[in-house]
Amino acid sequence: MSFRIEEDVALADVAIQIQADTLEAVLRESTEALLSVQLENPNAVGSEVVRKVELTAAAPDLLLYKFLQELIYLKDAHKLLLRIKKLTLAERNDGFSVSATLMGETFDLQRHHQSVDVKAATFHGLQVKESHLGWQATFILDI
Amino acid sequence: MPIPRGMTKITEDIWELPRSHKPGMLVPARIFATPSLLEKTDAGVFDQISNVACLPGVEKYVCCMPDGHWGYGFPIGGVAAMRLDDGVVSPGGIGFDINCGMRLVATQLKVEEVRPKIQAMVDLLFKRVPTGAGASGSISLDRNEFRKILRMGAAWCIERGYGWPEDLERTENAGCAPDANPDVVSARAVDRGIDQIGTLGSGNHYLEIQTIPPDGIYDSAAARAMNLFPGQVVVMFHCGSRGFGHQVASDFMESFLTAMPRHGIQVPDRQLACAPIRSPEGQAYLSAMRCAINMAFANRQMILHRIREVFLHIFGQTPESLGIRQIYDISHNTAKIEEITLDGHKKTLLVHRKGATRSYGPDFEDLPPALKPLGQPVIIGGSMETGSYLLLGQASAQQAFFTTAHGAGRLMSRGQAKKIYQGRALFEQMKSRGIYVRSHSWTGLAEEAGGAYKDVHEVVACAEKAGLSRRVARFVPLGNIKG
């Protein structure tokens, strides 16, 4: 697990920091972080449901934002809890594109012990940067 | 937290950051706070409120309420009034949860009648008012019907028997923001909100059964006029437009980030993304925002209907005979076009209130006849352990564009709260103190512990001393449901 919840950043919400080798890994870790924030037992999420997602964005931080927003949308609109099964990321002239196969299951109050409900990804403090150490990402989730 | 250099004291409870505090500030920023509250204000508040003062078309000064803490773009407790012709609208100045608000409902029951049944009441409310993630409302709507709700607000519920006509009279703007246009709302927003009518949400959203303690009346005449008395049982709840409002806010935040360069606007913080009020983008956002306002009014109306059903079930008497009537419903995340007299001139302004409650004094035109002599009710919620307040707006709130505080504001992060408080232990402690709480999440409960919040008593006292709103009654919790 390469994500960390930053305690003193957001009072009412949750701030996450990720350190990963690749941008693909940043997206994977962000998905796991989102599940861990929402559930006391993220490992209880099965893999019966499959969803495909395709996104483009002009910059890595916008890509992360849109990806998180898509997961939150699928949670609310379709009651789905999802993690990444397969991910293909491409850098283009005008930014980045991602094609992901997500797997998970429908939210079940009896089996999925909720912690808090995430309502949105925010732009506050949103950063995705590459350095000699790899990729670092920080974002805040609105609770 | 050190007070920013250059901050001046206007009065004991009002402080000002001058325009020179930060490059780009068009107006000063006023913080309404006692010295004690000011010391507890996080640095983010000063940074964010001074950013808000940079927005085009901002009038006179921007304000931060006594319960201010940092948010997204605007601080929570942030207020900014914009000229219509050259001003901007910013979704960050309304908040993700558009028309998050409070509703207060009185009963004629006394605490000694309710206490023996509190556990049964809370358990049944927990079943009938869905809370938490994944919760669906109890009415099934198709998209056409949901669009009607977006236009009609709480009136949609009343037409279908989910409430009383007088409930609308006791709601801000009669429970409906006019000029809402569902055509500018995204399909994704509808997807997220369509089955959430009548749901409470989670986090700091709650439904609480309360009583007025023996020393809980501050204004006897106003309390009598509103038929409030010590020992009375009331219900207060806090929720908003759920996933629908969040999606509307996110959609337009993204759209404004793209539109800003076309309008020659730069902002110091992406969460302050904005568009000229008169622009097509600005007008579209206002229309969509009003849809979310209406969805939230309908949401709270449906919850009131369920509350009445629960009381009927528990007490075996009709809600009418139990006197379950609405005192008022307020919004603390909106933007409204209002006529305000500033320095002797009447101005029409778009007033952003984010985590801040409208607070008009007596004779305010939006009030029903019974409330006009008193002023607009203001409902300020504390933590689930400390209690809440009913106040009345004051004419002197004009100094803050007729605005006052909305809550207690957090003192510590959710992570810190979870380290200090254990959900199950907190549940038992509260139960031993006579407060029965139901929640889907032990960690969520710990995060909402009373110690995680500022002192609401200090906040409302400051708001009163500053002339923003005055206390009428205090309520203490008996039972609570949370997501």
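Summary table below
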item: Number of partner chain Cβ atoms within 10 Å, mean per residue of A:117-130; result: 6
item: Cα gyration tensor category, rounded, prolate or oblate, for segment B:1-111 with a/c compared to 1.5; result: oblate
item: Shielding by other protein chains, A:68-79, mean Cβ within 10 Å; result: 5
item: Between helix B:43-52 and chain B: long-axis angle, C-alpha atoms, 0 to 90°, nearest 10; result: 60 degrees
item: Computed log₁₀ I(q)/I(0) - Debye formula, equal Cα scatterers, no solvent, segment B:297-454, q 0.10, 0.18 Å⁻¹; result: -0.53, -1.19
item: For chain A: rounded, prolate or oblate by the Cα gyration tensor [a/c cutoff 1.5]; result: oblate
item: Shape of segment B:367-483, Cα gyration tensor, a/c cut at 1.5; result: prolate
item: Distance (nanometres) between label positions extended 7 Å along Cα→Cβ at A:Ala58 and B:Arg224; result: 6.4 nm
item: Estimated FRET transfer efficiency (B:Glu428, B:Lys346; beta-carbon r; R0 56 Å; 0.05); result: 0.50
item: Stokes-Einstein D in µm²/s, Kirkwood radius over Cα pairs - the protein assembly as shown at 25 °C with 0.890 mPa s viscosity; result: 101 µm²/s
item: Relative contact order [Cα under 8 Å, 6+ residues apart], chain B, whole percent; result: 22 percent
item: Mean Cβ neighbour count within 10 Å, used as a protection proxy, ranking B:58-66, B:215-223 highest first; result: B:58-66, B:215-223
item: Spatial separation of Cα centroids for segment A:7-86 and segment B:400-448, in angstrom; result: 26 Å
item: Protection-proxy order for peptides B:253-260, B:440-447, each taking the mean of Cβ atoms within 10 Å per residue, highest first; result: B:440-447, B:253-260
item: Shielding of B:93-100 by partner chains, average beta-carbon count, 10 Å; result: 1
item: Protection proxy ranking of B:424-435, B:304-315 - average other beta-carbon atoms within 10 Å, highest first; result: B:304-315, B:424-435
item: Dipole-positive endmost among B:Cys274, B:Gly423, B:Ile14 within the protein assembly as shown (Cβ charges, Cα centre); result: B:Gly423
item: A:Leu109-A:Leu133 pseudo-label distance in nm [points 7 Å out on the Cα-to-Cβ vector]; result: 4.3 nm
item: Two-site FRET efficiency, B:Glu16 against B:Asp215, from Cβ-Cβ distance with R₀ of 35 Å, rounded to 0.05; result: 0.50
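Quick note: the coordinates plus some simple rules give every number you see, no bench work behind them. Note that the structure is predicted; figures quoted are calculated from it, not measured. For neighbour counting, all protein chains shown are included, and Cβ atoms are generated from backbone atoms with ideal geometry for every residue, glycine included.
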